[in-house]
């Protein structure tokens with residue numbers, strides 16, 4: 001089996017990063033050979049020492065990179081670290097306030113028999129206390145698990161994603177997040193695959209760069225998207241996360257307009273139904289009830305931190 005680098009990116013709240021790592025360490029029914037690196041990218045001078053303290057006694061290697069206080073710099077640092085550590089074939093990137101379901105590696109492993117250069121999740125489950133008119137279940141103490149559960153069809157064919165080239169960026173959501181990158185994928189991205197000055201939409205630039213690379217070289221850059229809900233669980237209630245920070249959306253729009261004035265001729269057409277989809281079967285031995293139980297366990301752990 002190929003060697004995998006799991007990189008947890010953290011900028012604040014070390015106890016959350018520890019919970020994230022515990023979800024990685026608890027992966028079930030897989031054969032991946034992996035190591036975990038925790039990448040500290042923070043403007044908090046004490047965060048590095050705090051991470052070393054909470055991760056003491058674990059096999060996790062802790063690395064520090066330069067931060068400008070924006071998530072894009074941290075995400076690009078993850079890619080740079082992967083490029084530097086040439087002993088690894090694949091990268092699994094995780095934000096340090098999120099979680100992997102116990103079946104994440106099992107699901108990802110299904111794509112390795114027919115090599116994928118970049119696998120991205122079209123949707124991820126979310127833990128939230130916000131009331132939303134979307135499919136969800138209550139977990140107690142006002143927590144909700146937002147999930148499409150076993151509805152894992154091709155979202156490009158069934159959902160309308162607003163076009164950031166036509167709409168104000170505030171009205172748009174990044175359509176997917178990368179969950180697996182092969183080493184050869186790095187050659188198809190610019191040096192800054194993520195936008196380093198964005199407060200929130202740095203990942204939109206990664207999505208656009210990935211799609212444009214696939215359009216230009218579809219056989220050399222094998223990109224796939226999946227809507228399987230048994231991989232990634234987003235923590236929507238971390239007050240320190242970029243998604244919950246105050247955002248100047250007009251400034252984000254200016255950044256986006258400047259970053260996309262050239263070089264995105266194919267994806268600008270916004271024909272997302274053309275993008276390749278990877279249909280993953282649901283895991284055996286882990287169903288929606290198990291998913292809910294896992295999510296509830298995470299909320300109980302989060303409540304103890306607050």
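The values are calculated or read from the model by the stated rules, or taken from the named source; none is laboratory data. It should be emphasised that the depicted structure is a prediction, and the values quoted were computed from it without experimental measurement. Here the Cβ positions follow ideal geometry from the backbone for every residue, glycine too, while neighbour counts run over all protein chains shown.
Here is a yes/no grid of residues against (1) at pLDDT 95 or above; (2) under 19 Å from residue 13 (Cα atoms); (3) under 19 Å from the mean Cα position of the chain (by Cα):
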{"residue": "30", "(1), (2), (3)": "yes, no, no"}
{"residue": "57", "(1), (2), (3)": "yes, yes, no"}
{"residue": "76", "(1), (2), (3)": "yes, no, yes"}
{"residue": "83", "(1), (2), (3)": "yes, no, yes"}
{"residue": "86", "(1), (2), (3)": "yes, no, no"}
{"residue": "89", "(1), (2), (3)": "yes, no, yes"}
{"residue": "117", "(1), (2), (3)": "yes, no, yes"}
{"residue": "124", "(1), (2), (3)": "no, no, yes"}
{"residue": "127", "(1), (2), (3)": "yes, yes, yes"}
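Going by what's in this entry, would residue 50 be described as over 25 Å from residue 255 (Cβ atoms) and surrounded by fewer than 16 Cβ atoms within 10 Å (Cβ to Cβ)?
Values: over 25 Å from residue 255 (Cβ atoms): yes; surrounded by fewer than 16 Cβ atoms within 10 Å (Cβ to Cβ): no.
Here the answer is no, as residue 50 does not meet what is asked.
For residue 196, indicate whether it is free of Cβ contacts under 8 Å to residues at least 60 places away in the same chain, over 15 Å from the mean Cα position of the chain (by Cα) and surrounded by fewer than 24 Cβ atoms within 10 Å (Cβ to Cβ). Steps first, answer last, please.
Values: free of Cβ contacts under 8 Å to residues at least 60 places away in the same chain: no; over 15 Å from the mean Cα position of the chain (by Cα): yes; surrounded by fewer than 24 Cβ atoms within 10 Å (Cβ to Cβ): yes.
Considered against the rule, which asks whether it is free of Cβ contacts under 8 Å to residues at least 60 places away in the same chain, over 15 Å from the mean Cα position of the chain (by Cα) and surrounded by fewer than 24 Cβ atoms within 10 Å (Cβ to Cβ), residue 196 comes out as no.
Starting from region 162-180, keep only residues that are within 30 Å of residue 113 (Cα to Cα), then list their pairs with residues that are modelled with pLDDT under 95 and part of a helix (DSSP H, G or I) whose Cβ atoms are within a distance under 9 Å, requiring at least 6 positions of separation or different chains.
175/155; 175/156; 176/155
Each row is one residue, and each column tells you yes or no for (1) assigned to a helix (DSSP H, G or I); (2) in contact (Cβ under 8 Å) with a residue 12 or more places away in the chain; (3) out of contact with any strand residue (DSSP E or B) (no Cβ under 6 Å at 6 or more places or on another chain); (4) farther than 15 Å from residue 94 by Cα.
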{"site": "4", "(1), (2), (3), (4)": "no, yes, no, no"}
{"site": "7", "(1), (2), (3), (4)": "no, yes, no, no"}
{"site": "12", "(1), (2), (3), (4)": "no, yes, yes, no"}
{"site": "18", "(1), (2), (3), (4)": "yes, yes, yes, no"}
{"site": "30", "(1), (2), (3), (4)": "no, yes, yes, yes"}
{"site": "42", "(1), (2), (3), (4)": "no, yes, yes, yes"}
{"site": "50", "(1), (2), (3), (4)": "yes, yes, yes, yes"}
{"site": "53", "(1), (2), (3), (4)": "yes, yes, yes, yes"}
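Conditions tested, residue by residue: (1) in contact with a helix residue (DSSP H, G or I) (Cβ under 6 Å, 6 or more places away or on another chain); (2) surrounded by fewer than 22 Cβ atoms within 10 Å (Cβ to Cβ).
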| site | (1), (2) |
| --- | --- |
| 108 | no, no |
| 111 | no, yes |
| 122 | yes, no |
| 130 | no, yes |
| 138 | no, yes |
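Within the bounds of region 225-248, is there any residue that is surrounded by fewer than 16 Cβ atoms within 10 Å (Cβ to Cβ), over 19 Å from the mean Cα position of the chain (by Cα) and either touching a residue at least 60 places away in the same chain (Cβ under 8 Å) or under 28 Å from residue 11 (Cβ atoms) (or both)?
yes
In region 135-170, what residues are at pLDDT below 90 and under 30 Å from residue 257 (Cβ atoms)?
Answer for region 135-170, where residues must be at pLDDT below 90 and under 30 Å from residue 257 (Cβ atoms): 155, 158, 159, 160.
Can you pull out every residue in region 255-299 that is under 15 Å from residue 141 (Cα atoms) and either without any contact (Cβ under 8 Å) to a residue 12 or more places away in the chain or not in a helix (DSSP H, G or I) (or both)?
Of all residues in region 255-299, those under 15 Å from residue 141 (Cα atoms) come to 292-293, 295-299.
293, 297, listed by residue number.
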